[in-house]
Amino acid sequence: MSDALENLLSETRRFAPPAELAAHANVTSDAQPEDRLAFWETQARRLSWAKDWDQTLDWSNPPFAKWFVGGELNVAYNCLDRHVEAGLGDRVAIHWEGEPGDTRTITYSDLLSEVKQAANALTDLGVGQGDRVAIYLPMIPEAAVAMLATARIGATHSVVFGGFSVDALSGRIQDADAKLVITADGGYRRGAPSALKPTVDEAVALCPGIEHVLVVRRTGQEVAWTDKDLWWHETVAKASTEHTAQAFDAENPLFILYTSGTTAKPKGILHTTGGYLTQASYTHHAVFDLKPETDVYWCTADIGWVTGHSYIVYGPLSNGATQVMYEGTPDTPHRGRFWEIVQKYKVTILYTAPTAIRTFMKWGDDIPAGFDLSSLRILGSVGEPINPEAWMWYREHIGANNCPIVDTWWQTETGAMMLSPLPGVTHTKPGSAMSPLPGIAADVVDDQGNSVPNGGGGYLVLREPWPSMLRTIWGDDARYLETYWSRFGDMYFAGDGAKKDEDGNIWLLGRVDDVMLVSGHNISTTEVESALVSHPDVAEAAVVGATDPTTGQAIVAFVILRGGVESDVDVLRNHVSKTLGPICKPRQIMIVPELPKTRSGKIMRRLLRDVAENRTLGDVTTLQDSSIMSLISSGMQSSK
Ligand code: ATP
Ligand code: MG
């Protein structure tokens, strides 16, 4: 990218926080602290430390950070024991809802006992500090138990999303050099048991370093058995419920997690203990305004993604939250399942992804309208830029026009939220992540690394280290330096394009790799997609730049229509031209039934670019459903 991104879409709608919420908000100012390190020290005091730190930040060997140097703590103790010791053992930690409708109610005391048993079982199996444990589970409570038990004994977990293939699983086990796998016979997906164990069996055959496989019985389906296999209910459930948590160094590795693979081969992101838990806990408290005594929080992410790590396990549990955990898909057994769950548990805070919101838009307004959603008070979004029209739909049809929307920008690498509105403070704008959170030094810069003026576009960077930052790419310091620090030297390069509006608020514009260069103009995929989604016929859109003999690149759009409508592509092309200017008019629009997405629901534009330029497809291992690509390619051919 040679020049700054153009700043095309204008948005004038603004929404103040509800007065009542603002009056009682956990955080009442979005001002940056004068002393950033002192601010993070205060936040670290949210946690219980066995030994105080000597130094807040050691940045003597950048970009390799150490936070809370010399401090010691136990993550599981902070998420469980201390709440029980404070007399909160009977509080519900997890309202678990299985896809077939079976449920479990797990209090903090229950969860602590199970984690202690699992910690004892892991120790008996020879797992200790410094070892890696691979976790390949459906969305069942044992997933959280397995993570917390691993953390409790100072070992490092690597959670692999339960939908991944043998190759993806064995590659991640080998890269992390794990010695134990925790899995299940299967889980429920779309109304049927979906097996996990056969994938593990094949993967483990390729991974001689694996000594044991611990298997949770969830579906009861038939499984093959090897001499490495042990049933969870025989090993863990029989272990002692006595276990004293030992404190570990603040920089003890907590987990390795591979990025979604939207743009490239996944990277094994390494997170450590004290700084990570500090920022996960603080942001969950601040951005969701969590009142642990009264709120019922629900994050719909899978535990296999960083959102599940920071905002199902570590953030909420460290804050003593009561939360919902759901095993299955939003359309099983019907398309109102999410809203039925909100109604049943009186969910007050909902955290989901734009891909889900656009799907609900496509399914129709009447579905959420059939449920009582009046318990909701805050709505969150994460994973991709949220188009202003999807934001408005979320506000109106889910939030009854009175719930602040927090659009949270962050990455696997950042460990926790970095940019977001604060629900009791920010006057939100549909589609904007607004401002860096207190303690975070984010900026938008041009090619030379100079801060762009308001109204300008460029690259999102982080100017200062933050507590939950990745420490490296596991086993590959060189790739860590090259990927994030080679572009600007002393600033972290996030890989995302962004702009500042006239008020200095930040808008994410999509991946820098996806930016389109049309007749010398750098155009954001997000802005063109948002223009398409602002047309009432369109539910979802993905655009790419395809090589063009006259303009260098031309915009090719793939569009999903809202339920029941038919649309004329020329009307949609003109709509974009009218909204953003003629330079953004797509050369071609394809109406498609689905878009290629990663397992975490992000649009994979590089595959659409392959289609638009008639190339064979690149790496598809992280693709959700590979049959979609042949559907789209065949449609493309016939439209030419
Ligand atoms: P890979 O790095 O392997 O391509 P990935 O970037 O999709 O995968 P994640 O770490 O899960 O893996 O996603 C982080 C990215 O998601 C961000 O860099 C950004 O592109 C996008 N993102 C997340 N939240 C938001 C948001 N609120 N607004 C805009 N973009 C977001
Ligand atoms: Mg990324």
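The values are calculated or read from the model by the stated rules, or taken from the named source; none is laboratory data. Predicted, not measured: the structure shown is a model, and the values here were computed from it. When we count neighbours, we look across all protein chains shown, and the Cβ atoms used for this are built from the backbone with ideal geometry, even at glycine.
Quick look at the values:
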quantity: Residue selected from the range 24-53 under the condition in contact (Cβ under 8 Å) with a residue 40 or more places away in the chain and not in a loop (DSSP other than H, G, I, E, B), by the criterion nearest to residue 446 (Cα to Cα); calculated: 36
quantity: One residue from 321, 356 being closer than 21 Å to residue 260 by Cα and more than 16 Å from ligand 2 (Cβ to nearest atom); calculated: 356
quantity: Filtered residue count, the range 555-571, keeping only those that are more than 30 Å from the chain's Cα centre (by Cα) and more than 17 Å from residue 362 (Cα to Cα); calculated: 4
quantity: Flag if residue 598 is within 16 Å of ligand 1 (Cβ to nearest atom) and among the hydroxyl-bearing types (Ser, Thr, Tyr); calculated: yes
quantity: Cross-chain or 6+ apart pairs with Cβ under 6 Å, the range 85-107 first and in contact (Cβ under 8 Å) with a residue 24 or more places away in the chain, then surrounded by 18 or more Cβ atoms within 10 Å (Cβ to Cβ) and charged (D, E, K, R); calculated: 98/327; 99/327
quantity: Residue identified as more than 14 Å from the chain's Cα centre (by Cα) and of a type in the set (Ser, Thr, Tyr) among 412, 426, 408; calculated: 426
quantity: Residue 16 small (Gly, Ala, Ser), touching a residue at least 12 places away in the same chain (Cβ under 8 Å) and farther than 30 Å from residue 346 by Cα; calculated: no
quantity: Selection count, the range 56-107, where residues are aliphatic (A, V, I, L, M), closer than 27 Å to residue 243 by Cα and not in a strand (DSSP E or B); calculated: 6
quantity: Filtered residues of the range 557-592 (kept if β-branched (Val, Ile, Thr) and in a strand (DSSP E or B)); calculated: 559, 560, 589, 591
quantity: Scope the range 312-357; condition over 24 Å from residue 102 (Cβ atoms) and assigned to a helix (DSSP H, G or I); matching residues; calculated: 314, 315, 318, 354, 355, 357
quantity: Criterion: more than 16 Å from ligand 2 (Cβ to nearest atom), of a type in the set (A, V, I, L, M, F, W, C) and either under 30 Å from residue 607 (Cβ atoms) or in contact with a strand residue (DSSP E or B) (Cβ under 9 Å, 6 or more places away or on another chain) (or both) - qualifying residue of 239, 280, 286, 247; calculated: 247
quantity: Filtered residue count, the range 459-506, keeping only those that are without any contact (Cβ under 8 Å) to a residue 24 or more places away in the chain and either within 15 Å of ligand 1 (Cβ to nearest atom) or within 21 Å of residue 409 (Cα to Cα) (or both); calculated: 1
quantity: Among (1) in contact with a helix residue (DSSP H, G or I) (Cβ under 6 Å, 6 or more places away or on another chain); (2) of a type outside the set (Gly, Ala, Ser); (3) assigned to a loop (DSSP other than H, G, I, E, B); (4) buried (at least 20 other Cβ atoms within 10 Å of the Cβ), the one test that residue 371 misses; calculated: (4)
quantity: Residue 385 being under 27 Å from residue 502 (Cβ atoms), surrounded by 23 or more Cβ atoms within 10 Å (Cβ to Cβ) and in contact with a Leu (Cβ under 6 Å, 6 or more places away or on another chain); calculated: yes
quantity: Test: residue 8 is modelled with pLDDT under 95, surrounded by 16 or more Cβ atoms within 10 Å (Cβ to Cβ) and under 30 Å from residue 421 (Cβ atoms); calculated: yes
quantity: Members of the range 361-409 that are touching a residue at least 60 places away in the same chain (Cβ under 8 Å) and acidic (Asp, Glu); calculated: 384, 389
quantity: Any pair with Cβ under 9 angstrom, 6 or more apart, that starts in the range 593-604 at a residue that is in a strand (DSSP E or B) and ends at one that is within 14 Å of ligand 2 (Cβ to nearest atom) and among the acidic types (Asp, Glu); calculated: 603/384
quantity: The listed residue being within 18 Å of residue 162 (Cα to Cα), outside any loop (DSSP other than H, G, I, E, B) and in contact with a Lys or Arg (Cβ under 6 Å, 6 or more places away or on another chain), out of 204, 213, 223, 200; calculated: 213
quantity: Any hit, the range 358-368, residues being of a type in the set (D, E, K, R), in a helix (DSSP H, G or I), under 28 Å from residue 415 (Cβ atoms) and within 16 Å of ligand 1 (Cβ to nearest atom); calculated: yes
quantity: Condition check for residue 580: away from ligand 1 (no atom under 16 Å from the Cβ), modelled with pLDDT of 90 or more, more than 16 Å from residue 546 (Cβ to Cβ) and within 30 Å of the chain's Cα centre (by Cα); calculated: yes
quantity: Residue 548 being out of contact with any helix residue (DSSP H, G or I) (no Cβ under 9 Å at 6 or more places or on another chain), surrounded by fewer than 17 Cβ atoms within 10 Å (Cβ to Cβ) and closer than 14 Å to residue 516 by Cα; calculated: yes
quantity: Breaking point among (1) surrounded by fewer than 22 Cβ atoms within 10 Å (Cβ to Cβ); (2) modelled with pLDDT of 95 or more; (3) of a type outside the set (Asp, Glu); (4) part of a helix (DSSP H, G or I), for residue 554; calculated: (4)
quantity: Pair list, Cβ < 7 Å and 6+ apart or interchain, from the range 126-147 residues that are over 13 Å from residue 218 (Cβ atoms) to residues that are among the basic types (Lys, Arg) and surrounded by fewer than 24 Cβ atoms within 10 Å (Cβ to Cβ); calculated: 127/179; 131/179; 132/179
quantity: Strands (runs of 3 or more DSSP E) lying entirely in the range 482-539 (those with 1 or more residues that are farther than 19 Å from residue 587 by Cβ); calculated: 492-500, 506-511
quantity: Exclusive hit being within 16 Å of ligand 2 (Cβ to nearest atom) and out of contact with any Ser or Thr (no Cβ under 6 Å at 6 or more places or on another chain), set 408, 412, 472; calculated: 472
